[in-house]
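As structure tokens, the structure follows; a few thoughts come after it.
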Amino acid sequence: MTKDLTILGSTGSIGTQSLDVARKHGIRVRALTASTSVETMEEQVREFHPDKVALLDEAAAADLRVRIADTNTKVLSGIGGICECATDPNSDTVLNSIVGIAGLLPTMDAIEAGKTIALANKETLVTGGQLVTAAAKEHGVKILPVDSEHSAIFQCLEGAPPERRLKRILLTASGGPFFGRSRENLKDVTVEQALNHPNWSMGAKITIDSATMMNKGLEVIEACWLFGVSEDKIKVVVHRESIIHSAVQYDDNAVIAQLGLADMRIPIQYALTYPDRLPSPTKELDLAELGTLTFADPDMETFDCLAICREAIRRGGLYPTAANSANEQANYLFRQGRIKFLEIGELVGEAMEACENKEDFVLSDVLAADRMARDYVMQHVGA
């Protein structure tokens with residue numbers, strides 16, 4: 001079980017729920033990071049008394065220094081400060097809930113420092129999976145999944161035989177707010193409509209990714225790296241109720257599933273208390289109250305981001321990075337009202353095709369592919 005914790009992205013949805021778990025189980029919080037959320041960070045500092053915190057924004061960090069001058073918490077800034085928190089010598093576990101490829105560098109630094117990684121930042125493995133998994137193996141570091149689906153798969157595989165005998169992974173998807181709609185019906189959807197997720201409370205970027213099903217595509221790529229399987233071993237199943245968080249099917253066709261309410265504190269706690277199971281701050285699941293669970297195949301033509309991600313991991317190399325980074329840029333532009341909903345997938349597909357691929361790459365190649373994909377999107381929306 002985690003004793004001393006660093007949380008990267010502590011003011012976001014996953015970060016604040018992680019602090020709920022830390023509060024319940026008396027886990028010592030050693031370091032916290034965020035982007036710009038000064039007031040929330042001040043509240044967290046005063047409650048949890050971390051040794052150090054970091055804000056990406058320099059002006060926000062300067063403001064925070066003034067606000068908490070009466071405490072013993074050190075305030076750092078920029079990506080350097082975030083990476084310093086990720087390698088804090090007093091932490092044994094780093095929970096990374098930073099959104100986007102920005103989480104890659106701190107993850108790599110934390111691995112090299114020998115920290116257990118509780119990973120909620122799927123883009124770390126989407127963009128740098130080859131590098132991250134090799135580094136984790138070299139340094140003897142565990143990567144424990146925090147995403148509800150990947151935690152479910154991890155839990156279902158706990159009882160697998162040594163040779164595993166895994167036939168396929170069944171990765172569940174809520175389908176987002178637009179399940180069942182045609183492309184024609186999605187032409188003019190608004191940001192507000194796309195942010196209206198039926199089950200989960202998430203940050204804006206991830207909620208839009210759920211609406212396009214890009215989030216599920218990224219999770220397919222993440223699962224390939226986490227569990228060492230090829231893309232064709234992963235079947236996406238739309239499960240609107242978000243009660244079955246994922247399942248695995250073995251060679252004998254037995255299917256083992258993990259169920260729970262749509263509350264991220266369940267997978268967060270499992271990562272932080274692994275391999276123990278302790279009382280949770282979440283409600284108990286009542287199957288009789290639920291009554292019915294439903295399942296469907298995803299519409300990969302309407303929600304083309306899922307198909308693009310599957311193609312990206314099949315091709316390998318830097319294609320997943322290009323798809324992810326183009327999406328980060330297009331997602332942002334949609335939230336700003338500068339492009340239409342369906343243009344997200346169109347731009348992601350075009351940017352991936354424009355990628356200058358390398359099968360063998362280093363971190364600088366990943367960062368170059370990230371810049372290329374973002375530039376492609378901006379150039380092709382007339383920005």
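The values are calculated or read from the model by the stated rules, or taken from the named source; none is laboratory data. Please read these numbers as outputs of a predicted model, since none were measured by experiment. Here the Cβ positions follow ideal geometry from the backbone for every residue, glycine too, while neighbour counts run over all protein chains shown. Note: accessible area is taken over every heavy atom of the protein model, side chains too, but ligands, DNA and RNA are not part of it. Shrake-Rupley method; radii C 1.70, N 1.55, O 1.52, S 1.80 Å.
Side notes on the structure shown:
- The residue among P177, I256, A135 whose Cα reaches farthest toward the positive pole of the charge dipole of the chain, with charges on the beta-carbon of Lys, Arg, Asp and Glu, is I256.
- Annotation for N196 and R338: the two label points, set 7 Å from Cα along the Cα-Cβ direction, are 2.7 nm apart.
- Radius of gyration and maximum dimension Dmax of segment 204-301, Cα, Å: 15.0, 43
- Using a cutoff of 8 angstrom between alpha carbon atoms and counting only pairs six or more residues apart, the relative contact order for the chain works out to 15 percent.
- At R0 = 51 Å, FRET efficiency that the Cβ-Cβ distance of H139 and R181 yields, to 0.05: 0.65
- For the chain, the spread of Cα coordinates along the three principal axes comes to 57, 52, 42 Å, biggest extent given first.
- Across all directions, the average projected area of the convex hull around the alpha carbons of segment 231-383 is 13.0 nm².
- Cα-centre dipole for the chain with unit charges at Cβ (Lys and Arg positive, Asp and Glu negative), debye to 20: 480
- Fluctuation leader among G349, G80, G217 - the chain, Gaussian network, Cα springs under 10 angstrom: G80
- Percent accessible area from carbon and sulfur atoms, the chain, protein chains only, probe 1.4 Å: 48
- What you get for segment 161-244, charging only the Cβ of Lys and Arg (+1) and of Asp and Glu (-1), is a dipole of about 320 debye around the Cα centre.
- D (Stokes-Einstein, µm²/s), Kirkwood Cα radius, segment 240-292, 0.890 mPa s at 25 °C: 192
- Euclidean distance of C-alpha centroids, segment 17-36 and segment 320-383, integer Å: 33
- For segment 43-145, the spread of Cα positions along the three principal axes, ordered from largest to smallest, is 43, 24, 19 Å.
- Ranked by the mean number of other Cβ atoms within 10 Å per residue, highest first, peptides 359-366, 70-77, 153-160 order as 153-160, 70-77, 359-366.
- In segment 185-246, the ratio of gyration radius to Kirkwood radius, Rg to Rh, stands at 1.01 when only Cα atoms are counted.
- One decimal place: the segment R277-L363 gains 27.3 nm when fully extended, by the rule 0.36 nm per residue minus the C-alpha distance.
- Label-to-label distance, nm, for residues given as E301 and A113 (7 Å Cα→Cβ offset): 5.0
- Distance (nanometres) between label positions extended 7 Å along Cα→Cβ at K24 and A254: 2.9
- Cut-off 18 Å, label 7 Å out along Cα→Cβ of A59, residues of segment 86-102 by amide N: none
- Of L119, L186, L171, the one that fluctuates the most in a GNM where the chain has Cα springs shorter than 10 Å: L186
- Cα centre as origin, Lys/Arg/Asp/Glu Cβ charges: segment 242-349 dipole, Debye: 480
- Accessible surface, segment 7-89, averaged per residue in Å² (probe 1.4 Å): 42
- Fluctuation leader among A368, A330, A152 - the chain, Gaussian network, Cα springs under 10 angstrom: A368
- Summarising the amide proton neighbourhood of I234: residues at separation of 5 or more, or on other chains, whose placed amide H is nearer than 5 Å comprise I169.
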